[in-house]
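The values are calculated or read from the model by the stated rules, or taken from the named source; none is laboratory data. Owing to the predicted nature of the structure, the values given are computational and were not obtained by experimental measurement. Every residue, glycine among them, receives a Cβ derived from its backbone with ideal geometry; neighbour counts consider all protein chains shown.
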Amino acid sequence: MSAVDLSRSEAGTWRASARAWWRTGDALPFLLLAPSVLLILAVIAYPMLTGFWYGFTDGSLLKYGRFVGLDNYVELITSRDFRHALWFSLVFAVFNVVGCYALGLGLALLLNQDVPGRPFFRVALLLPWIVPSIVSIVSWRWMMADERALFNQVIGLFGGSPVYFLSDQTWAVVMVIAIKIWRSFPFMMLSLLAALQSIDRSLYEAASLDGASRWNQFRFVTMPQLRNISIVLALLMTIWTVNDFDTPWLLTQGGPANATENLVLLAYRYTFGRNDVGLGSATSFVTLIILMILVVFLLRRQKER
Amino acid sequence: MKTSGNAPARGRAGLLASLAAALAIGLSPVAAYAADPVKLNFWDMIWGPPEYIDAAKELVAEFNKENPGIQVEYRSIPWNNWYQTYVTAISAGTAPDLSTGAGYQAVQLYDLGAIRPIDDLIEEMKTSGDLDDFLPGTVDTLRYDDHYVALPWGIDIRVWFYRKDMLDAAGLKVPTTWAELREAAKATTKDGKFGILASGDTGGSHFLYNAILNNGGGLFTEDRKLDLKSERNVEAFEALAGMVADGSVSPASTGYNSDDRRGAFNRGQGAFTLDGPGLISQAGDAADKIGVVPPLAGPHGDKGTIFWVNNIMVYEQTKHPEEVKTFLKWWSKNQTPLWTKGNTGQLPTRKSIAANDYFKQQASRGYVLENYVPIGKTTATHAAGIFPALNEVEGEGVMQTFAQELWQGKPLDQILDTADSRLKSIVKE
Amino acid sequence: MAYPNPTPAQRWTRFGILSVIVLVVNLPIILMVMNSFQTTDQLMQRSSLLPHDLTTANYSYLSERTNFWRYLWNSVVASTGSTITSAAAAALAGYALSRFRGRFVTTYSRTLFIVQMFPIILALIPLFILFRTLGLINSPLSVIILYTVVHLPFATWMARSFFDTIPRELEEAALVDGCSRFGAFLRIVLPLSGPGLAAIAIFSFLFSYNEFFVANVFLRDENAMTLPVGITMFMQQYSTDWGSLMAAATLTVVPTFILFLGIQKYITYGAVSGGVKG
């Protein structure tokens, strides 16, 4: 008797508190986030846990591996390929972030001014970003393949001797970065343009009343206003560059002599080329950890102000 | 190599496959109609120009008409990421019933427990005498672990091609030895053109295989140990490095992929290149300016080149092994249109197909069939048969990197050491 | 405008500079379009820099002999699907991040960074097995789900920063009038969010429409392929059908280009500035 009463009253209070939770709106954030959380659990959390486990086994794509402890991580960190891929990932990220930011900012400043045909330019400059990578990079390869390709014809016009862009380690690195900048700057331009347009005009009016030159207006009004979004953009672009597979893969497949192999390509080579899922997963995890450190660092900078 | 101490575990993949099968039988109401024709999935790589797919589809339709009890579904698989395609399909239990595949796919997938050997079919063909129709060596190349893991259908091979116009202009005869090739390459390197066009992709590594096999060398010893630095191999690599040092190899080679290299060759930017027998028929207007170099003699008089026996394999996941066998037998016998209509770049493995007029009209293919195929060797040389590590050796791209650095003109002993230690770490020696 | 009243000369100088930049920057794309009017043989001969003997043969071949329209349709289905789901999920989550505080919300916000950084290669094999058991291989649903998640962090940040610009006072007034909080979101905030949602949708659409790596794994059947994967069907073992490839590439870009021209004024709402917070 009493047991039944007890459970009924418990159920009653549970329902009542649930109703209260719902009515006060405290439940709302949970409900709003529920669809995203479910998706993330299925698509990210589950593979992440299995991948984490694979990193400690010697499995191949079809065979369950045995537990091998930290062997994969030790093999990875002591390998020359890894150190080189880490170095290239870093160079790739730094040059691309700086390059596409500078280009994007310059064009955003230009487009922020009164120009005839501005809407057209705004979209025309987005094209490198709109075109699928597999398409644009094929076109780039055509322009630099050998002595008869467009770039070398232009160099020839000025009397230079042909440059073999994809055969030389240094040039290949330069071209991979250049093409990545080319593919990334429109996003920077777009975001910075949006930020420029939201700057309060009265700030500029006040500055010109104080007799500030254009350069000083840029330095002391525009740049501080752009600081926050710039850090955010650098952060996003760093993540995207470190995780970029398309650009180096489609242009050079990581060559020549592995010069343009970043950590993602290395993970891909280990997993699908060498059929070593353990080593591939370990590579991916190390990449993730390095990215986390970078992001925490950049977020700190964002908060200092 | 993965430790072979583990039993050829079918582990998770097998479990999932049976789980999926159980689910399919339990849930599918369609399974109740026993009279429905058996459905087979046949995955075929794209072995030639667009008309190849049409020819293959037509052939499958013909089979379906002749065999109302079996319905084969044809699907063409792009080369791009093909390995990933198969491995993910197998691990998810959606492998086809049978597929074609390049050189070592069958052994490697067999080693993972995904391939059903065709010993019974080979036995049948032996009894009926059909097996004698295959060119010598082709069937046995696909023997691994005492089983026949696949049935040969096509031969892929690398041969040297030359530009008739460039050799004529330089007043040169077609080379017959490696020494003459080197001389001719040097003589044709002028006016912004080069003697040799190579590439830095998989096709680039074929230059290396060709050179060592031509010189009686090989990647492996008879007991499957790595043997990259053998005397004959080093001699062959030195021959290539010598041509690079002469300046005869186009500096664009490292960055070329095979498509670029072929394009440059067809445009006459270089005098020699190494490619598959289909090159001339794909060369468009340049076709009549291109010839096949006869098998070259190495410094010790050896001849040889790299070849692969491409094949058709049956998957362990199939539920209809008998029907698969019926189709496989039929396909193997009736595949002539893949050449006559489909223009595949492969060479046939059957004498009866090789005797077709097509190979008399396509003189270069006929020539290769007659003169190069008999001296073809696999990358497994000097070990017998093929084995799974071969796929990893090719897939990992060590030889590709080796080729890139060789064309760059880096010191041979240095890049040889790097390649050797990297290969050893792959095969875990 | 930051600097008012430019002279006509200044305006047209800028016009000239921008025109040159647009030409140089888009050179690879211009070449691609020009090459699409050349046969593969002409392209391989590459006798002159500028194309001659223009032909539309590639386009008729593409339309009649290949699966191009099928690929395009698949692309449209996959991109539209993932755009809708990702905009919906991001709008809800972005609103939560914009208006609520608490441990759950903070944890979620941090998780978004991990999602953004997650190397997708790690997810391929486990997800393939999961999707297989759900029967989603070769179904647009597989890529729709994946694109939604991969794009979720960015879309959420955009949504959050947009909601941050909508004054809270509006909702507070509605609450006083007896509206529930969710009701306030539906009736007051969402109707004001058109431009923000449009910007999210553009970014989502573009991302899904161009994605190659994931689609290449999950859509292997020719009838299921999206455009970027379908384009690789023109690359055969020994030769690439350059003519068809260039034509397909050109046609691939047309829909997104038109889309951008049509709704470009919304793109500027694509600021993520305030939305990315730890």
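Numerical summary
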read-out	value
Residue, surrounded by the most Cβ atoms within 10 Å (Cβ to Cβ), within the stretch B:390-427, restricted to residues that are more than 22 Å from B:L240 (Cβ to Cβ) and within 10 Å of chain A (Cβ to nearest Cβ)	B:N391
Condition met for A:S167 (in contact (Cβ under 8 Å) with a residue 60 or more places away in the chain and over 24 Å from C:V253 (Cβ atoms))	yes
Any helices (runs of 4 or more DSSP H) falling wholly within the stretch A:86-168 and containing at least 1 residues that are in contact with a Phe, Trp or Tyr (Cβ under 8 Å, 6 or more places away or on another chain) and β-branched (V, I, T)	A:118-124, A:127-130, A:133-144
Number of the exception - A:V173 against (1) farther than 27 Å from C:I17 by Cα; (2) within 12 Å of chain B (Cβ to nearest Cβ); (3) surrounded by 18 or more Cβ atoms within 10 Å (Cβ to Cβ); (4) modelled with pLDDT of 90 or more	(2)
Subset of the stretch A:256-297 (residues that are among the β-branched types (V, I, T) and either under 29 Å from B:T254 (Cα atoms) or crowded, with 24+ Cβ neighbours inside 10 Å (or both))	A:T260, A:V264, A:T271, A:V277, A:T283, A:T287
Filter pass, A:V154 being surrounded by fewer than 21 Cβ atoms within 10 Å (Cβ to Cβ), of a type in the set (A, V, I, L, M) and facing chain B (nearest Cβ under 10 Å)	no
Residue list for the stretch C:110-120, restricted to those being assigned to a helix (DSSP H, G or I), among the hydrophobic types (A, V, I, L, M, F, W, C) and either without any contact (Cβ under 8 Å) to a residue 60 or more places away in the chain or more than 7 Å from chain A (Cβ to nearest Cβ) (or both)	C:L112, C:I114, C:V115, C:M117, C:I120
Residue identified as modelled with pLDDT under 95 and farther than 25 Å from B:H382 by Cα among B:K190, B:K225	B:K190
Residue tally, condition in a helix (DSSP H, G or I), more than 12 Å from chain A (Cβ to nearest Cβ) and either within 22 Å of C:H151 (Cβ to Cβ) or in contact with a His (Cβ under 6 Å, 6 or more places away or on another chain) (or both), over the stretch C:191-216	6
In the stretch B:221-241, the residues that are crowded, with 23+ Cβ neighbours inside 10 Å and within 22 Å of B:P388 (Cβ to Cβ)	B:L228
Residues being assigned to a loop (DSSP other than H, G, I, E, B) and buried (at least 24 other Cβ atoms within 10 Å of the Cβ) - total across the stretch B:113-123	2
Those helices (runs of 4 or more DSSP H) lying entirely in the stretch A:182-261 with at least 3 residues over 30 Å from B:A419 (Cβ atoms)	A:201-209, A:214-217, A:223-242
For B:P374: the one exception among (1) crowded, with 22+ Cβ neighbours inside 10 Å; (2) modelled with pLDDT of 90 or more; (3) part of a helix (DSSP H, G or I); (4) not small (G, A, S)	(1)
Members of the stretch C:27-52 that are within 30 Å of C:S142 (Cβ to Cβ) and surrounded by fewer than 16 Cβ atoms within 10 Å (Cβ to Cβ)	none
Qualifying positions in the stretch A:262-305 - among the small types (G, A, S) and either within 14 Å of chain B (Cβ to nearest Cβ) or free of Cβ contacts under 8 Å to residues at least 24 places away in the same chain (or both)	A:A267, A:G273, A:G278, A:G280
Some residue of the stretch C:85-92 being under 26 Å from B:S76 (Cβ atoms) and at pLDDT 90 or above	no
Count - residues of the stretch B:57-97 that are within 13 Å of chain C (Cβ to nearest Cβ) and assigned to a helix (DSSP H, G or I)	11
Filter result for A:N258 (modelled with pLDDT of 90 or more and on the phi > 0 side of the Ramachandran plot)	yes
The stretch A:47-85, subset farther than 10 Å from A:S281 by Cβ, surrounded by fewer than 19 Cβ atoms within 10 Å (Cβ to Cβ) and within 14 Å of chain C (Cβ to nearest Cβ), residue nearest to the chain's Cα centre (by Cα)	A:L49
Any hit, the stretch A:245-255, residues being among the aromatic types (F, W, Y), surrounded by 19 or more Cβ atoms within 10 Å (Cβ to Cβ) and under 30 Å from the mean Cα position of the chain (by Cα)	yes
Selected residue (only one of A:A212, A:A259 is more than 30 Å from B:E396 (Cα to Cα), more than 10 Å from chain C (Cβ to nearest Cβ) and aliphatic (A, V, I, L, M))	A:A212
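For (1) farther than 17 Å from C:T226 by Cβ; (2) in the same structural domain as C:V214 (by TED's automatic domain parsing); (3) buried (at least 22 other Cβ atoms within 10 Å of the Cβ), each residue gets a yes or a no:
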| site | (1), (2), (3) |
| --- | --- |
| C:R101 | yes, yes, no |
| C:T106 | yes, yes, no |
| C:I114 | yes, yes, no |
| C:I120 | no, yes, no |
| C:A123 | yes, yes, yes |
| C:L130 | yes, yes, no |
| C:P140 | no, yes, yes |
| C:V143 | no, yes, yes |
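This table checks each residue for (1) modelled with pLDDT of 90 or more; (2) at negative phi; (3) surrounded by fewer than 15 Cβ atoms within 10 Å (Cβ to Cβ).
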{"position": "C:V25", "(1), (2), (3)": "yes, yes, no"}
{"position": "C:L54", "(1), (2), (3)": "no, yes, yes"}
{"position": "C:W69", "(1), (2), (3)": "yes, yes, yes"}
{"position": "C:L72", "(1), (2), (3)": "yes, yes, no"}
{"position": "C:A78", "(1), (2), (3)": "yes, yes, no"}
